[in-house]
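Report on one structure; see the data block that follows.
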Amino acid sequence: MDQKITLQNARLTDGSLVDLTVAAGRIVGRSCAAAAAPAGERPSLRDLLVGGATSPAPSTTLDLGGRLVIPALVNGHAHLDKTFVGAPWQPHRVGVGVPARVAAERRIRGGLEPVGVRSRALADELVRFGTGTVRTHVDIDPELGLSSLEALLELRSESRDRLDIQIVAFPQSGILRSPGVAGLLDAALGLGADAIGGLDPIGYDGDAIGHLDIVFGLAERHGAGVDIHLHDLGAPASEQARLISERTRGAGLGGRVAISHGYGLGTLDGDELRRVADDLAASGVAVMTNGPAGPMPPVLTLRNAGVTVFAGSDNIRDAWWPFGEGDMLAVAHQVAYQSNFRTDDELAVALDLATGAAADALGLDAYGLDVGDRADLVVLDRESAAAAIAAAPSQRAVMHDGAFVSVTDLVRTRLATEVPVGA
């Protein structure tokens, strides 16, 4: 029996209060709500859900008291197969440049718990923080073959009731410089990978034309999307963006191609930046950023030109990066911080990078909070998008396919509250 749940006094990002009714995995009703009770008078999300959404009753009503409700967060770029989550702590091994880091990762991964164990542990973390869909890149190389892909295909099947997973077949060791990888990528798409990846066609493989011939050729053959890691800076970044835009138009893949990272877009300026932005927008190539400490895509400039810019976590506690916990609100916060966003409107843009814009980039259907949309949503203990980005909410309830799959109620304590001033 499908349970019908009505979420009363849900606050949307435009500030309005609505009542949302969900059933059979969809939003089936949306109407204006009465004024919510003051925040101080409402129960915690955990107390609210116990005996409510978790009861066997065919219909239940939950008064959210004006809490913010957003569509489920979308992580547009992760590496579930690489993570150390679910394994003992690993000290970071420093590597200078992409080739050195690839080599360091190869040395480490053989002694870790299986990919299935670690990726499942990280998937649990993503769900807890409110992610409903994640696009994960999975390493395909001569040493691993398709073993990591097979583990993630299994995880994708197991996780459908709590997390949707898109898989990108990713040539972490290059394509042209790693004989046999092109054939493995072809096989990966045949087994069920959703998209084909690429890696610095100039900076890593040293042959942009040859690299892109393979990537876009396989995409056309399998009807797959494309998502290319691009770390190169300056003129090589501009040239590769031009070539990717050109190939996208030629293959008719507008809206299904992404440049991930695109650090070099942050090193362009003036007429060159405007030309690249207009070219990306016209060809339908999206850009992913995780808010890195160094150069990063100019979010507002690209968006104003019509480019879909979205966010992803990138690496989470692995051989490349020792930080992170899978919280896309924290990633959006980082992007906002690095972009010097201050106003409520700018902070709302940061949230959009991890919700609507990411859903567009990943081609998600029926995403949102309108009648007929999928009932994948997150309830946050905040009253606005800006507040949710400025400081990550400690209380979150996560719904997937019309059922609550996680509720987090973190208790934050103040230190030394008993120590008097001047002691």
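Given +1 at the Cβ of Lys and Arg, -1 at the Cβ of Asp and Glu and no other charges, the dipole of segment 105-224 around its Cα centre is 280 debye to the nearest 20.
The residues of the chain present an accessible area of 40 Å² per residue when probed at 1.4 Å with all protein chains retained. Taking the Cα centre of segment 320-390 as the origin and placing charges on Cβ (Lys, Arg +1; Asp, Glu -1), which of 340, 378, 361 is farthest toward the positive end of the dipole? Checking the options against the dipole of segment 320-390, the answer is 340. Counting only DSSP beta bridges with both residues in the chain, what percent are antiparallel, rounded to the nearest 5? Around 40 percent of the beta bridges assigned by DSSP in the chain are antiparallel ones. In terms of packing, defined here as the mean over residues of other Cβ atoms within 10 angstrom, the peptides 265-277, 188-200, 241-253, 288-300 line up highest first as 188-200, 288-300, 241-253, 265-277. Of the solvent-accessible surface of segment 269-423, computed with a 1.4 Å probe over protein heavy atoms with every protein chain present, carbon and sulfur atoms account for 50 percent. Peptides 169-178, 308-317 ordered by packing proxy, namely the average of other Cβ atoms within 10 Å per residue, highest first: 308-317, 169-178.
Report the gain in length on full extension from residue 31 to residue 117: 0.36 nm times residue separation, minus Cα-Cα distance, nm rounded to one decimal. Taking residue 31 through residue 117 to full extension adds about 26.7 nm, to one decimal. Spatial offset of segment 105-162 relative to segment 249-312 amounts to 27 Å, using the alpha carbon center of each. What's the FRET efficiency of residue 249 with residue 187 using the Cβ-Cβ distance as r and R₀ = 35 Å, to the nearest 0.05? Using R0 = 35 Å, I get an efficiency of 0.80. Peptide packing for 61-68, 324-331, 390-397, 157-164 was compared via the average number of neighbouring C-beta atoms within 10 Å per residue; ordered from the highest value, the list is 324-331, 61-68, 390-397, 157-164.
The values are calculated or read from the model by the stated rules, or taken from the named source; none is laboratory data. Please read all numbers here as calculations on a predicted model, not as lab measurements. Because the Cβ atoms are built from the backbone with ideal geometry, glycine has one as well, and the counts that use them run over all protein chains shown. Ligands, DNA and RNA are excluded from the accessible area calculation, which covers all protein heavy atoms including side chains. Shrake-Rupley method; radii C 1.70, N 1.55, O 1.52, S 1.80 Å.
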